[in-house]
Amino acid sequence: MPSGLHYTVDMGSFFTIIVSMVFVSNFVLARFLGLCPFIGVTKRTDSAFGMGMAVTFVMTLASAVTWIIHRFVLLPQSASGFNIFARFIGNDTSLVPVLKTVSYILVIATLVQFVEMFLRKSVPALYESLGIYLPLITTNCAVLGVALLNTTATEEVLTFPAATFQGFCAGVGFLLVMLLMSGIREHLETLPLPEAMKGVPIALVCTALMALAFMGFGGLI
Amino acid sequence: MKLLKELTKGIFRENPTFVLVLGLCPTLAVTVSVVNGFWMAIATTAVLVCSNVIISSLRRFIPQEIRIPCFIVVIASFVTMADLTMQAYLSESINKSLGIFIPLIVVNCIILGRAEAFAAKHSVFRSFLDGLGSGIGFLLALLLISAVREVIGSGALLGLKVSKAYQPAYIMIMAPGAFLVMGLLLGVFNTLKLRRAAGTSAACQHPVTAVELKERRENN
């Protein structure tokens, strides 16, 4: 457990996060997260780009917010040093197993709603291009997946900047694969394929080849 | 009879995996072995049936504008129960290999899709049957995919070796194999669907020979 809120920013570990989240354990190709938008919104490059940007944005914010929730609301006071409910639940009660899923998904749903409202009011141009994808993101498993991976599935506990940066890099990896796939699928449209393989089946076969290529990055770390 | 239809439509005609292509993430991630696929599908089915029943019984009290957050809270509660139950009763290795995909049942499109499209509009018993049917359809699909991957990728079925001479192709139990098997199986199911559609439409008009049928398909 981390002892306090003092961080040392280690450039080496940040580089590791970039390479691992974008290439080696890419969210789509190696971890199978966010496949619904990957199959659904990659028919055209501009919509794939919009979806990728919206997901990156929400993933970065969600990583930051869920890290704070995990640290100051869910972890027991004896482990994290501070819990806002410590007066009611005592020093050693951990809320992590019971409230993790519910609190994360609620935070993400609220966050998406706020982002949508904020963009509509203050950045209408961005809202025009990302707006229609935002409601879809609540049920995108990549966002909940990065929150869960940041706070529970790692052996060592990430610091706040590392968790946020990991969320951002995971989003960039997602964006990269979305763009690559949409480029491939625009070409697939014109190919003389058997009727049964058109659309999703051939897209999945192409994804298999891409995943095979991305496995080559495995030696980088 | 109509009630029976609610149950069977999720299994074949509206199979969540092969016909509607929903919930791909858990489908591809956990199907490295039949045991993993089985437990994943059981957990999803349990959550699907319970949340369908609760959402259907609350359908008159949930305001239209905030129905999605309400559905998500109901689903997330059942997912937490399923998660804790599985951690208590299943072996360490199964829990480890299912990993974050058990909490991620919350965002499985199948469950929210059934809640929105069926449970929010129909009676409790029908929603129960609908959830059970879709769950069984998901279970059958996961068993098929994981059986194919386990036999080719580790040369075994349920942990038993298929043949001594067979050299397993490990790629099939890694990420690319999942995409490849899913893509090819979808192709197979599409072929069956197209063939049946062609057969029934031809039979409705007048009896035709196989050659004519083939020609007609080529013209299309």
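Results, tabulated for the structure shown:
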read-out: Complete set of residues in the range B:25-46 that are open to solvent by 40 Å² or more (accessible area, probe 1.4 Å) and either touching a Lys or Arg at 6+ places or on another chain (Cβ under 8 Å) or of a type in the set (G, A, S) (or both); value: B:V32, B:A46
read-out: Selection within the range B:45-72 - in contact with a Phe, Trp or Tyr (Cβ under 7 Å, 6 or more places away or on another chain), β-branched (V, I, T) and more than 13 Å from chain A (Cβ to nearest Cβ); value: B:T45, B:V49, B:V53, B:I55
read-out: Options A:T159, A:T139, A:T152: the member that is open to solvent by 20 Å² or more (accessible area, probe 1.4 Å) and under 14 Å from the mean Cα position of the chain (by Cα); value: A:T139
read-out: Test: residue in the range A:137-146 that is in a helix (DSSP H, G or I) and more than 23 Å from B:L22 (Cα to Cα); value: no
read-out: Restricting the range A:81-113 to residues that are among the polar types (S, T, N, Q) and not in a helix (DSSP H, G or I), the residue that is nearest to the other protein chains (Cβ to nearest Cβ); value: A:S94
read-out: Per-region count, the range B:1-24, residues over 11 Å from the mean Cα position of the chain (by Cα) and open to solvent by less than 10 Å² (accessible area, probe 1.4 Å); value: 0
read-out: All positions within the range A:162-211 that are farther than 17 Å from A:V24 by Cα, more than 13 Å from chain B (Cβ to nearest Cβ) and among the small types (G, A, S); value: A:A162, A:A163, A:S182, A:G183
read-out: Positions within the range A:26-45 being polar (S, T, N, Q) and at the interface with chain B (Cβ under 7 Å from one of its Cβ atoms), in sequence order; value: none
read-out: Matching option when the condition is in a helix (DSSP H, G or I), away from every other protein chain (no Cβ under 14 Å) and open to solvent by less than 30 Å² (accessible area, probe 1.4 Å), among B:I75, B:I145, B:I105, B:I94; value: B:I94
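The values are calculated or read from the model by the stated rules, or taken from the named source; none is laboratory data. The shown structure was predicted, so the numbers you read here are calculated from the model rather than taken from an experiment. A quick note on method: Cβ atoms are made from the backbone with ideal geometry, for glycine too, and the neighbour counts reach across all protein chains shown. What goes into the accessible areas is simple: the full protein's heavy atoms, side chains included, and nothing from ligands, DNA or RNA. Shrake-Rupley method; radii C 1.70, N 1.55, O 1.52, S 1.80 Å.
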